[in-house]
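Participant: Structure incoming, see below.
The values are calculated or read from the model by the stated rules, or taken from the named source; none is laboratory data. No experiment lies behind these values; they were computed from the predicted model shown. Here the Cβ is made from the backbone with ideal geometry for all residues, glycine too, and neighbour counts use every protein chain on show.
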């Protein structure tokens, strides 16, 4: 059994996922879509029980009615597990993973700034990557966002350099 198949088998057996939720894309790449209410348990198990010791990045996507977040975790053997979860776009609330990966705060700040996610438990800090003074409620990676929404609110030269 390959390393990827072992990862898949453990996640299927431990959490009862369907085979449609998890796929081995190629050598060292496993993708799993996790319902939001199970996400933290699965994430913690991957980190503490399966030796996924490195958070590579978090990818945020606007899927229309939902926002999707993909947490890319790696192990020392080169395996990468990508855990995807979705939240309603109207109420995009996530729980921070910064207690397990303090460096993940920078990615979570990006999710807040660019997509409007509310990350519960994220310590106070500077905005990132948008500048201080960027208008609240303006999330430039949302599909429904247009630069024109900043007309009269933010200087045009600043919009061009950031968007």
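Participant: Does region 8-18 contain any residue that is touching a helix residue (DSSP H, G or I) at 6+ places or on another chain (Cβ under 7 Å), surrounded by 15 or more Cβ atoms within 10 Å (Cβ to Cβ) and either not in a helix (DSSP H, G or I) or not assigned by TED's automatic domain parsing to the domain that holds residue 117 (or both)?
Facilitator: The answer is yes, given that some residue of region 8-18 is touching a helix residue (DSSP H, G or I) at 6+ places or on another chain (Cβ under 7 Å), surrounded by 15 or more Cβ atoms within 10 Å (Cβ to Cβ) and either not in a helix (DSSP H, G or I) or not assigned by TED's automatic domain parsing to the domain that holds residue 117 (or both).
Participant: Continuing with this model, one more query. Among the residues of region 49-62, count how many are buried (at least 20 other Cβ atoms within 10 Å of the Cβ) and either in a helix (DSSP H, G or I) or more than 15 Å from the chain's Cα centre (by Cα) (or both). First the steps, then the outcome.
Facilitator: Here is the first cut: in region 49-62, the residues buried (at least 20 other Cβ atoms within 10 Å of the Cβ) are 52, 55, 58, 60.
Filter once more, keeping what is either in a helix (DSSP H, G or I) or more than 15 Å from the chain's Cα centre (by Cα) (or both): 52.
Summing the residues that are buried (at least 20 other Cβ atoms within 10 Å of the Cβ) and either in a helix (DSSP H, G or I) or more than 15 Å from the chain's Cα centre (by Cα) (or both) in region 49-62 gives 1.
Participant: Of everything in region 68-78 that's over 24 Å from residue 139 (Cα atoms) and in contact with a strand residue (DSSP E or B) (Cβ under 7 Å, 6 or more places away or on another chain), which residue is surrounded by the most Cβ atoms within 10 Å (Cβ to Cβ)? Talk me through it step by step, then tell me what you get.
Facilitator: Residues of region 68-78 over 24 Å from residue 139 (Cα atoms): 73-78.
Filter once more, keeping what is in contact with a strand residue (DSSP E or B) (Cβ under 7 Å, 6 or more places away or on another chain): 73-74.
Numbers: 73: 23, 74: 17.
Residue satisfying both the conditions and the ranking: 73.
Participant: Give the number of residues within region 98-154 that are surrounded by fewer than 18 Cβ atoms within 10 Å (Cβ to Cβ), in contact with a strand residue (DSSP E or B) (Cβ under 7 Å, 6 or more places away or on another chain) and free of Cβ contacts under 8 Å to residues at least 60 places away in the same chain.
Facilitator: The total comes to 4.
Participant: Anything in region 63-84 that is more than 11 Å from the chain's Cα centre (by Cα), in contact (Cβ under 8 Å) with a residue 40 or more places away in the chain and in a strand (DSSP E or B)? List them, or say none.
Facilitator: 80, 81
Participant: Picking from 25, 46, which residue would you name as being at negative phi, in contact (Cβ under 8 Å) with a residue 12 or more places away in the chain and outside any loop (DSSP other than H, G, I, E, B)? If you could, list the steps in order and put the result at the bottom.
Facilitator: Numbers: 25 fails: in contact (Cβ under 8 Å) with a residue 12 or more places away in the chain.
When all the criteria are applied, what remains is 46.
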